[in-house]
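Student: Dropping the structure in here first, questions after.
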C-alpha cells in the first residue's frame, strides 16, 4: 500500500519554509508534524533577535519543514513517536535536562550577541593604534551585524538537513577559533573582515536556538521557556559595553577578544553536551535503527528523503526578499522594526559621547550607563505572564481556537509609546552635565522595555500571521533591521557632533513618534490587511486541504514487538 506524506511539494504552489529563526533572535512556535502528528515544523517565537536580535532569530516563527518524502512507502512501516509519552521525544525529557538546555542555549546566544557590542568599547583605542577614524573602525560592528543576518539564512537550512547539534557544534567551533585572529590583528582590515566571517558562523545560535527551545517544551510552556531563553540574547547588547568598558580600560582592547574566546569555549562545551532536539533528525535515526535491528528495509520516516541543499538554500535566500517587497504586512513591519533596531544600536555610539566626552566618565563607568536599558529588558521579560494575560483577553478566532494575531500587537502599541518617551527623556537630560547622571540613565528603562516588547511581540505577530511562511517573513525582517542597525552607528558620531546630543536625541525621538501609528493601524485593521494578502489566503486554503487529508489518513499502527516482526519477516 503506498502513501505519500501530505506535505509533499506537489501540494504546494509555493514550498513551505525551512526552520529559519532571527536574531533574532528572536520568539518562536514549533509544532510537531502529525505527532502527535503535528511535528511538521518549528517556530521562532525571539526575539530577539534582537535581535530576532535577533530574532532570532527570533527569534522565535512557525516553520514547516521542506524536508519530506516523495517516495511510495508502506504507511504501516512509517516511524513516528511511540505515543505521547515516548521518552525519545525531546518534549518528554526530564525537567532538569530542559532547564539545563535553556541555560546552555541562553548562554550560547548571549556570547554571540555580547561580542557584537563589546567591540564598541575599544573603538577609540583601535582607531588610535591603527591610525584610522572612528567611523572606519565602527565598520567592525556594522559588518558583524550584517554577518549575523546573512549567516542566519544559511544556518537554518543547514540545521534542517544535518540536524541542529552538528551544525551548532561545528559553527560555534569556527566562531570560537576566529576570535583568535581578531585578538592578534595587525590591521583594521583583518579585524573587520574576520569579525564578519565569525558573525556568519556565530549566527547559528540566532537561527537555531529558538527552535531548539521550542523542540523541548510543549505549547503551554513555550512562551515561558522562550522568555527565559531570551534573557541572554536580549541582554547581550547591554552587557557587551558594560564588560568591554572595564576590560578595555584596564587590560586593553585585545583582552576583550581573549575573554570572548574563553566565554565562547564554554559555549562550545555546552553545545557538545546538549543532545539533538530536532524531531525530523531523531525520527530518521529511529527508522535507521529499526531497519538495522530487523533487517527490514521498509521502515521509513517521512523525513528520509530530502530536497537538495541547493534547492533549500535557494528557497531561503529568495522568498524572504520577495515577501519583503510584495507583502504589505512585511513592508510596514520591516520599516518599523528596522528603525527601532537601528536607533537602539545607535545608542552604542551615543552613550560614550554623552557619558565620556560630556560627563567625563571613564571608559569602564560609561559602560554602566547601559544598565538602565538592561533593567528595562528584564522588566518586560519578567512581565511575560501579565502580557500573556493581556493578549489572551482578546477575542478567540473560531477557526484556530486561538486569539487573532492582532492580539500580539496590543502590547506592541504600548511599547511603541514607551520607546520615544525614553529617547526624548534621554535627549533632554543627558546634557548639560549639571543634570544628575541618574536622570538620563533612568531614561533607558522605558526605552529598553519598549524595544524588548517590540522585538518579541512584533515577531510573534509576523509568526501568527504567516504561519508556515513565518520564517521567511522574519528572515527578511532580520536582514533589513540588521543592515540599518549596522549603518546608523556609522553616522552617529557625525550627527552628534553637528547637532549636539540634545537635538540629535530629539530627532531620533521624533522619528520614533512618527512611526507610532504603524502598530495601532495593524491592531485595528490588521485582520482586513491579512485577508487582502493572497499569500495568507492561499496558506489558509492549503491548510484546510491538508487537514482534510490528514483526517482521511489511516491512523498509524504501533510498532510490532520483536516476535511479531520476526514472524512477519519469516
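Student: Given a cut-off of 16 Å, what percent of all Cα-Cα pairs of the stretch 182-245 lie beyond it? Working shown, then result.
Tutor: On the way: 1269 of 2016 pairs.
Of all Cα-Cα distances in the stretch 182-245, 63 percent exceed 16 Å.
Student: Next up: Which semi-axis lengths, in whole Å and largest first, follow from the square roots of five times the eigenvalues of the Cα gyration tensor of the stretch 280-386?
Tutor: Details: eigenvalues 486, 105, 46 Å².
After scaling each eigenvalue by five and taking roots: 49, 23, 15 Å.
Student: If you rank 319, 96, 481 by fewest surrounding Cβ atoms within 10 Å, what's the result? List each step's numbers first, then the result.
Tutor: Working: 319 22, 96 8, 481 35.
By the 10 Å Cβ count, ascending, the order reads 96, 319, 481.
Student: Continuing with this model, one more query. Viscosity 0.890 mPa s, temperature 25 °C: Stokes-Einstein D of the stretch 21-552 from its Kirkwood Cα radius, in µm² per second? Working shown, then result.
Tutor: Details: Rh = 23.0 Å.
Rounded, D is 107 µm²/s.
Student: For the stretch 322-365 and the stretch 81-102, what is the separation of their C-alpha centers, rounded to whole Å?
Tutor: Taking the Cα centre of the stretch 81-102 as reference, the centre of the stretch 322-365 is 39 Å away.
Student: While we're on this one: Once the convex hull of the C-alpha atoms of the stretch 338-398 is built, how many Å³ does it hold per residue, rounded to a whole number? Walk me through the intermediate numbers first.
Tutor: Values: hull volume 6.4 nm³, N = 61.
With only Cα atoms used, the stretch 338-398 gives 105 Å³ per residue.
Student: Now a separate question. For the stretch 99-156, what class follows from the C-alpha gyration tensor (a ≥ b ≥ c being the square roots of its eigenvalues): rounded when a/c is under 1.5, otherwise prolate if a/b is larger than b/c, else oblate?
Tutor: Details: a/c = 5.25, a/b = 1.91, b/c = 2.75.
Cα axes put the stretch 99-156 in the oblate bin.
Student: Please rank 276, 78, 406, fewest neighbouring Cβ atoms within 10 Å first, as an exposure proxy. Working shown, then result.
Tutor: Values: 276 16, 78 21, 406 24.
Fewest-to-most Cβ neighbours within 10 Å comes out as 276, 78, 406.
Student: Mind sorting 129, 88, 423 by how few other Cβ atoms lie within 10 Å of their own Cβ, fewest first? Could the numbers behind the result be given before it?
Tutor: Working: 129 16, 88 13, 423 27.
Least crowded to most crowded, the residues run 88, 129, 423.
Student: Still on this structure, I have one more. For the stretch 376-425, what is one quarter of the convex hull surface built on the Cα atoms, given in nm²? All intermediate terms of the calculation are to be shown ahead of the outcome.
Tutor: Numbers: hull surface 15.2 nm².
If I average the Cα hull's projected area over directions, I get 3.8 nm².
Student: Per the Cauchy relation, a quarter of the hull surface: what is the mean projected area of the convex hull of the alpha carbons in the stretch 344-495, in nm²?
Tutor: Working: hull surface 40.2 nm².
For the stretch 344-495, averaging the hull's shadow over all directions gives 10.0 nm².
Student: What shape does the stretch 102-226 take by its C-alpha gyration tensor, where a ≥ b ≥ c are the square roots of the eigenvalues and a/c under 1.5 counts as rounded, a/b above b/c as prolate, and the rest as oblate?
Tutor: On the way: a/c = 2.82, a/b = 2.13, b/c = 1.33.
Prolate.
Computed from the coordinates by the stated procedures, all read-outs in this text should not be read as laboratory data. All of these numbers come straight from a predicted model, not from anything done at the bench. Here Cβ is always computed from backbone atoms with ideal geometry, including for glycine, and neighbour counts include all displayed protein chains.
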